[in-house]
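The values are calculated or read from the model by the stated rules, or taken from the named source; none is laboratory data. For clarity, every value in this text was computed on a predicted model and none was experimentally measured. Counting neighbours? That spans all protein chains shown, and the Cβs are built from the backbone with ideal geometry, glycine included. Side chains are part of the model used for accessible areas, which takes the heavy atoms of the whole protein and leaves out ligands, DNA and RNA. Shrake-Rupley method; radii C 1.70, N 1.55, O 1.52, S 1.80 Å.
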Amino acid sequence: MTTFSQLRELHLEGNFLHRLPSEVTALQHLKAIDLSRNQFQDFPEQLTTLPALETINLEENEIVDVPVEKLAAMPALRCINLRFNPLSAEVRVIAPPLIKFDMLMSPEGARAPPL
């Protein structure tokens, strides 16, 4: 990944990924990342260190907990899509008053439509 340090967008949807390599932190110019329809159980916290990141798509993963405080401190973040993740009730309650960006969530217990 360090070879592509000027990368602006990264589309890795539907690849059965469950973690990101630590080298993703070298993508200091990344503005958008699509990690939807993968197998993340933990939020990839390396993303919170990327200063230019505006959009994170983690739709249809298995994420329960989200580092709300770290996300709230991201200077450029505008939108994070967490639809169809089994988010904890705590995230659903704590996140909205702390964040200044759009956080897209499905109703509790909602399932993604079959493909």
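Computed quantities for the displayed model
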read-out	value
Condition met for PRO96 (out of contact with any Pro (no Cβ under 7 Å at 6 or more places or on another chain) and either in contact (Cβ under 8 Å) with a residue 60 or more places away in the chain or open to solvent by 20 Å² or more (accessible area, probe 1.4 Å) (or both))	yes
Yes/no for LEU58 being loosely packed, with under 14 Cβ neighbours inside 10 Å and either aliphatic (A, V, I, L, M) or more than 17 Å from ASN38 (Cα to Cα) (or both)	no
Odd one out for GLN46, checked against (1) in a loop (DSSP other than H, G, I, E, B); (2) modelled with pLDDT of 95 or more	(1)
Yes/no for VAL66 being buried (at least 19 other Cβ atoms within 10 Å of the Cβ) and over 30 Å from GLN6 (Cβ atoms)	no
Members of region 79-93 that are open to solvent by less than 70 Å² (accessible area, probe 1.4 Å) and of a type outside the set (S, T, N, Q)	CYS79, ILE80, LEU82, PHE84, PRO86, LEU87, ALA89, VAL91, ARG92
Residue among THR2, THR55 that alone is farther than 13 Å from MET105 by Cβ, at pLDDT below 95 and of a type outside the set (Lys, Arg)	THR2
Test set (1) surrounded by 14 or more Cβ atoms within 10 Å (Cβ to Cβ); (2) under 23 Å from ILE94 (Cα atoms) - LEU20 fails condition number	(2)
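Conditions (1) in contact with a His (Cβ under 8 Å, 6 or more places away or on another chain); (2) open to solvent by 50 Å² or more (accessible area, probe 1.4 Å), marked per residue:
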residue	(1), (2)
ARG8	yes, yes
LEU12	no, no
PHE40	yes, no
THR49	no, yes
GLU62	no, yes
MET74	no, no
